[in-house]
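Okay, so here's the structure we're looking at.
The values are calculated or read from the model by the stated rules, or taken from the named source; none is laboratory data. All of these numbers come straight from a predicted model, not from anything done at the bench. FYI the Cβ positions are ideal-geometry reconstructions off the backbone, even for glycines, and counts take in every protein chain you see.
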Amino acid sequence: MGVQVGQLRAFVAVVDEGTFTDAAIGLGTSQASVSRSVAALERELGARLLQRTSRGVVPTVTGTRVIGHARRVLEEIDAVRRVVTDSGGELRVGYAWSALGRHTITLQRRWSAEHPDSTVVFVQVNTATAGLVEGSAEIAVIRRALDDRRFETALVGVEPRYAAVASDDPLARRRGVALRDFAGRTVGIDSRTGTTTEDLWPAEAAPAATRETHGVDEWLTLIAAGQAIGLTSEATARQHPRPGISYRPVRDAQPVPVWLAWWRDNKPSSATALVQLACELYSRPG
């Protein structure tokens, strides 16, 4: 069966307390149970670990070498348990670009007020599942259709699209733009996690070229330098203001859907409540 955690705890307790009786008291069990656990550990390792003396029980030479390793194993196990315990009140929500935009802080504060023992923590992970596959998040904000049966999704709202242009770009002087204003321009696109694809434009108004970027920071840097313009959701404009960049609403672009997603076979207990709160916030007029 291999070495058991209980066997290691019994062995360490006997070494620390000096007798099987005191070890049993410390562990809250019987002396017979401690003796069986230590004997089972010795059989599993094929070596004697403890030696009885007139003063009690002391480790053998082998036991002295084993005790340090046993302590480290138990410390690591306790650390794993603390991680689980400490994160019990923390709901980690992944996102690739911009969390929930203007609703992000409101949702976090409302959640804490309505669920005093829980905290929503947003985690940026620039992957298609925004941290679900990577184990970085329990729930993810998704703005691209997640066609993967392993995950369940819930639509919580939609966001208008905005153009992102350098502040000295002629489009920055307008109050709003249209898709045709992208014609002949280079558009920055993150094909892995972004919300912009070339099929958003009609053929007669298509951009002249696209330039691949990897994440929102690289995308913004490209645009600020005047090397491209961008098309994104309102959430990006809200959460990523940057000197040298102007955001302008795109009047005729389809809005961006926003989903919350989680593993289908491991739905977080707080998912339903989080979806309801997000839907409420997105339903409010901007």
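Are there any pairs with C-beta distances below 7 angstrom linking a residue in the range 266-286 that is more than 13 Å from Gln108 (Cα to Cα) to a residue that is among the acidic types (Asp, Glu), with the two at least 6 apart or on different chains, and if so which?
Lys267/Glu152; Pro268/Glu138
Residues Thr60, Thr64, Thr21: which one is of a type in the set (S, T, N, Q), in contact (Cβ under 8 Å) with a residue 12 or more places away in the chain and over 30 Å from Arg242 (Cα atoms)?
Thr60
Collect the residues in the range 109-120 that are at pLDDT 95 or above and either in a strand (DSSP E or B) or on the phi > 0 side of the Ramachandran plot (or both), keeping them in residue-number order.
Val120, the sole residue that qualifies.
Is it fair to say Val141 is assigned to a strand (DSSP E or B), on the phi < 0 side of the Ramachandran plot and more than 17 Å from the chain's Cα centre (by Cα)?
Details: assigned to a strand (DSSP E or B): yes; on the phi < 0 side of the Ramachandran plot: yes; more than 17 Å from the chain's Cα centre (by Cα): no.
Against the criterion (assigned to a strand (DSSP E or B), on the phi < 0 side of the Ramachandran plot and more than 17 Å from the chain's Cα centre (by Cα)), Val141 does not qualify.
Kindly indicate whether Gly135 is buried (at least 19 other Cβ atoms within 10 Å of the Cβ), over 17 Å from Ile245 (Cβ atoms) and either not assigned by TED's automatic domain parsing to the domain that holds Thr196 or not hydrophobic (A, V, I, L, M, F, W, C) (or both).
When the stated conditions are applied, Gly135 does not pass them.
Can you pull out the residues in the range 133-180 that are at pLDDT 95 or above and farther than 24 Å from Ala228 by Cβ?
Listed by number, the residues that qualify are Ile139, Ala140, Val141, Ile142, Phe151, Glu152, Thr153, Ala154, Leu155, Val156, Gly157, Val158.
Would you mind finding the one in Ala47, Ala39 that is under 46 Å from the mean Cα position of the chain (by Cα) and either within 14 Å of Gly6 (Cα to Cα) or without any contact (Cβ under 8 Å) to a residue 12 or more places away in the chain (or both)?
Ala39 is the lone residue from the list that is under 46 Å from the mean Cα position of the chain (by Cα) and either within 14 Å of Gly6 (Cα to Cα) or without any contact (Cβ under 8 Å) to a residue 12 or more places away in the chain (or both).
Cβ-Cβ distance below 9 Å, separation of 6 or more or different chains: which pairs start in the range 88-108 with a residue that is modelled with pLDDT of 95 or more and of a type in the set (Ser, Thr, Tyr) and end on one that is surrounded by fewer than 22 Cβ atoms within 10 Å (Cβ to Cβ) and part of a loop (DSSP other than H, G, I, E, B)?
These pairs meet every condition: Tyr95/Val125.
Of all residues in the range 222-242, count the ones that are surrounded by 15 or more Cβ atoms within 10 Å (Cβ to Cβ) and under 14 Å from Arg185 (Cβ atoms).
Counting residues in the range 222-242 that are surrounded by 15 or more Cβ atoms within 10 Å (Cβ to Cβ) and under 14 Å from Arg185 (Cβ atoms) gives 6.
Looking only at the range 197-221, filter to residues that are crowded, with 21+ Cβ neighbours inside 10 Å and not polar (S, T, N, Q); which one of those is nearest to Arg185 (Cα to Cα)?
The extreme case among them is Pro207.
Would you pick out the residues in the range 253-278 that are loosely packed, with under 15 Cβ neighbours inside 10 Å, of a type outside the set (Val, Ile, Thr), at pLDDT 95 or above and more than 17 Å from Ala145 (Cβ to Cβ)?
Hit for the range 253-278 is Gln276, nothing else.
If Arg185 satisfies all but one of (1) within 24 Å of Tyr95 (Cβ to Cβ); (2) basic (Lys, Arg); (3) at pLDDT 95 or above, what's the number of the condition it fails?
The failed condition is (1).
Which one is surrounded by the fewest Cβ atoms within 10 Å (Cβ to Cβ), of the residues in the range 20-58 that are within 13 Å of Leu8 (Cα to Cα) and touching a strand residue (DSSP E or B) at 6+ places or on another chain (Cβ under 7 Å)?
Out of the qualifying residues, it is Leu50.
Out of the strands (runs of 3 or more DSSP E) lying entirely within the range 146-247, which hold 2 or more residues that are touching a strand residue (DSSP E or B) at 6+ places or on another chain (Cβ under 6 Å) and either of a type in the set (A, V, I, L, M, F, W, C) or free of Cβ contacts under 8 Å to residues at least 40 places away in the same chain (or both)?
Values: elements: 151-159, 161-166, 186-189, 209-212, 230-233.
It comes to 151-159, 161-166, 186-189, 209-212.
Out of the residues in the range 2-18 that are small (Gly, Ala, Ser) and part of a loop (DSSP other than H, G, I, E, B), state the one that is surrounded by the fewest Cβ atoms within 10 Å (Cβ to Cβ). Show your work before the answer.
In the first step, residues of the range 2-18 are kept if they are small (Gly, Ala, Ser); the result is 2, 6, 10, 13, 18.
Those still in the list that are part of a loop (DSSP other than H, G, I, E, B) too: 2, 18.
Numbers: Gly2: 5, Gly18: 14.
In this case the residue turns out to be Gly2.
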